[in-house]
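What follows is one structure encoded as structure tokens, with my remarks underneath.
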Amino acid sequence: MHSFVLEAVPNPEESREIARRAILILKKFISNEGILHDIDLVLTEACSNVARHAYEKVADCNRLELKISIFPPEYIVLEIADWGKGLCSETIDFSMPSPEAVGGRGMFIMSKLMDSFELIKENDKNIIRLTRRIEEDQWQTKE
């Protein structure tokens, strides 16, 4: 098992940067570009949601954490955490919004591109835990 923790200030620029840094780490383990693209999309969406929604006031906007756990040759776990207001799991709609909808596609995309999606509350910490199975032939080979 390999574990990495990345932190950023949750604003749009740093939210994209933390996702980019995560992909650079994952490229050392995963060879499949399609999977890396899916994970990049999911992380960009999840991290930008923290930047847009987690903290009530800009002054409260202080922390975004991404934990990457890699379990070759089986799966990866991504945990996106904030200490803001959190999400209520009963109100999340994982269905595809209508074409006219302005937003609301992020949770649908994350739930479709990952194998599992969990919302966890640990004291003041809000965590979205995403798991993705990786087939044996999609891992980088040791040379």
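The values are calculated or read from the model by the stated rules, or taken from the named source; none is laboratory data. Please read these numbers as outputs of a predicted model, since none were measured by experiment. For the accessible areas, the whole protein counts, side chains as well, though only heavy atoms, and no ligand, DNA or RNA atoms are used. Shrake-Rupley method; radii C 1.70, N 1.55, O 1.52, S 1.80 Å.
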For Gln140, distant residues with modelled amide H under 5 Å away: Ile30, Ser31
Stretchable slack from His53 to Lys27, in nm (0.36 nm times residue separation minus alpha-carbon distance): 6.5 nm
Solvent accessible area, Å² - Asp124, 1.4 Å probe, full protein context: 110 Å²
Cα centroid of the stretch 112-143 to Cα centroid of the stretch 20-57, whole Å: 11 Å
Accessible-area ranking of Asp137, Asp115, Asp40, largest first, probe 1.4 Å: Asp137, Asp115, Asp40
